[in-house]
Amino acid sequence: GFGVIENNAKLLMGESLVVFGAGGIGLNIVQAASLSSAFPIIAVDLYDSRLELAKRFGATHTINSKKYNANQEILNILKDNPLDVFIDNTGLPEIIEMGYKIVGTKGRVILVGVPKLNSNIKIYTLPLHFGKSILGSHGGESNPSEDIPRYLNLFNRGLWGIEGLISNRYSLKNINEAITSMQNGDSIGRVIINL
């Protein structure tokens, strides 16, 4: 999540951000954006419990996309200001297309979620020639040997934390239960499998 902000989005202080999908990766994206002094940081998810956790990690606004029209709510929050960065964690073509439409003329759409095979997006490509961009993320393009010591430094100084990020632990024999809990939103953060 931190690599997505630093290496893919190249988020600057004061830039606006939407994180669509506030699961384990999304929560770390929100936290990294908060450390980067982005504003607003809008987290969108299907589950209120995940959105509450996103607020704890630095989201300035949250939207439950099951209850509200996310597109309209994002535009209401931005108040005619362009959106700088849209990060999709869902891999759903309709969400990617929405993000592409609502980012500004120099906006960046970062794809963390991967669409299913043959699930293509339809976009008008002309804006890509004038500064708008779409980029697929591969693990945030992180370099663990360099990045992890920097992140640990932040953690050791109390500038970011993991409290609440791990929400459930399961034994390997209960892995199907773990997967179900993630799919239905019962696990709001990260799930750990104890081997």
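The values are calculated or read from the model by the stated rules, or taken from the named source; none is laboratory data. Being a predicted model, the structure only gives us computed values, none of them experimental. For neighbour counting, all protein chains shown are included, and Cβ atoms are generated from backbone atoms with ideal geometry for every residue, glycine included. Accessible surface is based on the protein model in full, side chains and every heavy atom, while ligands, DNA and RNA are left aside. Shrake-Rupley method; radii C 1.70, N 1.55, O 1.52, S 1.80 Å.
Here are Tyr68, Tyr100: which of them is closer than 18 Å to Ser137 by Cα and either part of a loop (DSSP other than H, G, I, E, B) or more than 13 Å from the chain's Cα centre (by Cα) (or both)? Checking each option against the conditions leaves just Tyr100. Which ones in region 1-20 are of a type outside the set (A, V, I, L, M, F, W, C) and in contact with a strand residue (DSSP E or B) (Cβ under 6 Å, 6 or more places away or on another chain)? If the condition is that a residue be of a type outside the set (A, V, I, L, M, F, W, C) and in contact with a strand residue (DSSP E or B) (Cβ under 6 Å, 6 or more places away or on another chain), then Asn8, Glu15, Ser16 are the ones that fit. Picking from residues in region 122-168 that are closer than 22 Å to Ile87 by Cβ and among the hydroxyl-bearing types (Ser, Thr, Tyr), the one that is modelled with the lowest pLDDT is Ser167. Here Tyr170 meets the list (1) among the aromatic types (Phe, Trp, Tyr); (2) more than 25 Å from Val44 (Cβ to Cβ); (3) open to solvent by 40 Å² or more (accessible area, probe 1.4 Å) almost entirely, failing just condition (3).
If only residues of region 2-22 that are crowded, with 24+ Cβ neighbours inside 10 Å and of a type outside the set (A, V, I, L, M, F, W, C) are counted, the one that is modelled with the highest pLDDT is Ser16.
Counting only residues that are within 16 Å of the chain's Cα centre (by Cα) and under 20 Å from Ala59 (Cα atoms), region 72-97 holds 10 of them.
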